[in-house]
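Remarks on the structure that follows.
The values are calculated or read from the model by the stated rules, or taken from the named source; none is laboratory data. Remember, predicted model here, so these are calculated numbers, not experimental data. Positions of Cβ are backbone-derived with ideal geometry, glycine not excepted, and every protein chain shown enters the neighbour counts.
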Amino acid sequence: MSWLLREDYMALKLSLKPDEKLVINGAVIANADRRTTLIVHNKASILREKDIMQEENVDTPAKRIYFPIMLMYMDQGETDKYYEEFVLRMTEFMSVITTPAAIENCVKISRDVMDRNYYRALINCKKLLAFEEERLGGNG
């Protein structure tokens, strides 16, 4: 199996709680009833269950930005399909916010998407979700 390992990527060590799920390159992996550790030795699109947003939960402007980025990350063969939605939603969002930190974060997210660094864009988008949650007073 060593021929499958690529030396040019750092290994990613994932500790999974009992019954925790994650997605690796589109495959849903479910942990059993005990804590376990996985080591991924090559480049892969990985999202933990807590970072996966279901379409029915996309009900705020920041979530409408997060969702297409998540889809670009998980389905990199179809990024053009999701990119247009991302641009539309980011443009709408930026047209109504005035907070400098939020605008700066939107620029970072957009830059990450343009660089195809979708995971970093998701991390920065979580800050946008927190900003929105704070503004909505926990109602969103």
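Elements of the type helices (runs of 4 or more DSSP H) sitting completely within the stretch 50-140 and holding at least 3 residues that are among the basic types (Lys, Arg): these cover 118-136. Every residue in the stretch 94-109 that is over 12 Å from Pro68 (Cβ atoms) and surrounded by 14 or more Cβ atoms within 10 Å (Cβ to Cβ), please. Passing the criteria: Met94, Ile97, Ala102, Asn105, Cys106, Lys108.
For Asn42, the conditions (1) of a type outside the set (Gly, Ala, Ser); (2) crowded, with 16+ Cβ neighbours inside 10 Å; (3) in a loop (DSSP other than H, G, I, E, B) all hold with the exception of (2).
Take Asp75 and tell me if it is of a type in the set (Asp, Glu) and modelled with pLDDT under 90. Yes; evaluated as a whole, the condition is true for this residue.
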